[in-house]
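Bear in mind these aren't lab numbers, they're just calculated from the coordinates by the rules spelled out. As the structure is a prediction and not an experimental result, all values here were calculated from the model. Cβ sites come from the backbone with ideal geometry, for glycine too, and all protein chains shown count toward neighbours.
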Amino acid sequence: MQSLKENSNVLDDAKLVEKIYVWAREGARQVLRGRSPEAEDVVQQLCVRLLEKGKQLAGIDETALQGYVRVAARHLALNFVRAEGVRQRFSSEQKLIQKGAARLDEPSERGEESDALRSAISRLDEDEQALIVMKFVEGKTSAEMAAKLGITEGAARTRLYRIISKLRDFLSSGAGCDENGS
């Protein structure tokens, strides 16, 4: 088997780049079950990773490189699938909360559930309440909330996710209730 030149970058050889592309795409498609656009994203992420590793992979033989590329592609694809699952769960939770927030404004729908939700929200810190209001009352996106708070978009999403989890815990344990138990 051919090995890479000691002072070269993995992506310097055009024929090798083509092979890496095929290996990475095969590894990603195994996990993504043939979803081509997502597999292409994984291949691009892997190429960036290979560029970052650069000379660390110099001297490695082609068989070892093939194994590395396929495993790395599968791992990146699995991370993609996991992130997709988190996004879907978060999205469905947002829809449920939005549905609940809309119901809070309807006088005919006010009942024990809306009272418990209000009580749980009142137990949150002011910053947490502000995020809930921005998201579910004002309808702001994660990017808009992040800009307003001076944090990254990822941090805004993470904070919101944790707040929603906290609310869920309050409601499931009955901790959203006030001192009178209502």
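Things worth noting here:
- Pair list, Cβ < 9 Å and 6+ apart or interchain, from the range 38-53 residues that are of a type in the set (Ser, Thr, Tyr) to residues that are surrounded by fewer than 18 Cβ atoms within 10 Å (Cβ to Cβ): none
- Residue list for the range 142-159, restricted to those being within 21 Å of GLY85 (Cβ to Cβ) and without any contact (Cβ under 8 Å) to a residue 60 or more places away in the chain: SER142, GLU153, GLY154, ALA155, ALA156, THR158, ARG159
- Selected residue (criterion: farthest from the chain's Cα centre (by Cα)) from residues of the range 68-91 that are surrounded by 13 or more Cβ atoms within 10 Å (Cβ to Cβ) and free of Cβ contacts under 8 Å to residues at least 12 places away in the same chain: TYR68
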